[in-house]
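Presented below is the structure to which this report refers.
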Amino acid sequence: MAPRLRIGLTGGIASGKSTVTQRFAELGVPVIDADVASRSVVEPGKPGLAQVVQRFGPEVLDALGHLDRRALRARIFNDSDSRRALDAILHPLIRAEMELMAAAAQGPYVVMAIPLLVESGNARARVDRVLVVDVDETLQIQRVQARDGGSPDEARAILGSQASRSARLAEADDVLLNTGSVADLRQAVDHLHEQYLQLAKSSAPRGDLT
């Protein structure tokens, strides 16, 4: 039986989502990751890859017939029409793949890790609760720079392409503020885990946590 409580995990770049999903997984919670699903749907032999090649040409494949993500990014960079075309191909496939993974999962609740959950505009159609990993934008820019080695302007451009912090918080049922240590964040996940277990026993997944 599929878990009936779905937690939609989201947050901006360098907010700490990976640490949060790792801790949920360590606690035995099924984590259905949109990034994993996005790679699965374009594996060789999958219809998703065939559709991408049909739209963008064989130059988006590497020598072994796998999707060359760098080449594809170059094709859609600063080309909004191409980006929308790619999204139109992949987003339905990714969503269907995640639904299959969620249906096969076991346990009282499942975490749906979807970086663009708020941007999709239909969060409530996919999950019961929205969990936002939140961080101050100044710290976020510092983390992006430390991770990628880019300039502050490049980091700000990445942030500008995503939903704003205020937009994510407006959608949130639960917030993990990631301004402390990794240990602090993991402990906060442990606390939420206990609350979600209790909430999963109720008949109202969107009810208040106490």
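The values are calculated or read from the model by the stated rules, or taken from the named source; none is laboratory data. What you are looking at is a predicted structure, and each value in this text was computed from that prediction instead of being measured. Counting neighbours? That spans all protein chains shown, and the Cβs are built from the backbone with ideal geometry, glycine included. Protein only, heavy atoms only, side chains kept; ligands, DNA and RNA dropped before computing areas. Shrake-Rupley method; radii C 1.70, N 1.55, O 1.52, S 1.80 Å.
Computing percent of Cα pairs over 24 Å apart for the structure here picks out one of (i) 43; (ii) 57; (iii) 47, namely (iii).
Amide H contacts of Leu5: Val110, each under 5 Å away and 5 or more positions distant or on a separate chain (H built 1.01 Å from N in the peptide plane; Pro and chain starts excluded). What residues from segment 85-104 fall in the zone where the backbone N is under 20 Å from a label point 7 Å along the Cα-to-C-beta line of Glu43? Answer for segment 85-104: 90-104. Put Asp35, Asp79 in order of accessible area, highest first, and with a 1.4 Å probe you get Asp35, Asp79. Screening the chain for DSSP H helices whose Cα atoms reach 20 Å or more along their own axis and whose mean Kyte hydropathy is at least -1.0 gives 80-104, 182-200. Each of Ser80 and Gln22 was given a label point 7 Å from its Cα along the Cα-to-Cβ line. The distance between the two points is 3.7 nm. Across the accessible surface of segment 69-134, with the other protein chains kept in place and a 1.4 Å probe, carbon and sulfur atoms take up 57 percent. Close amide H pairs (under 5 Å, H built 1.01 Å from N) link Leu61 with Asp68, residues at least 5 positions away or on another chain. Of all DSSP bridge pairs formed entirely within the chain, close to 5 percent run antiparallel. Applying the criteria of a DSSP loop state and at most 10 other Cβ atoms within 10 Å to the chymotrypsin sites (Phe, Trp or Tyr not before Pro) of segment 1-101 yields Phe77. Segment 91-114 and segment 24-89 have Cα centres separated by 18 Å. Between the amide H of Val175 and those of Val132, distances stay under 5 Å, these residues lying 5 or more places away or on another chain, with hydrogens modeled in the peptide plane. For segment 25-91, the pair-distance distribution built from all alpha carbon pairs, in bins 5 Å wide starting at 0, is 3, 16, 25, 25, 13, 6, 6, 5, 1 percent.
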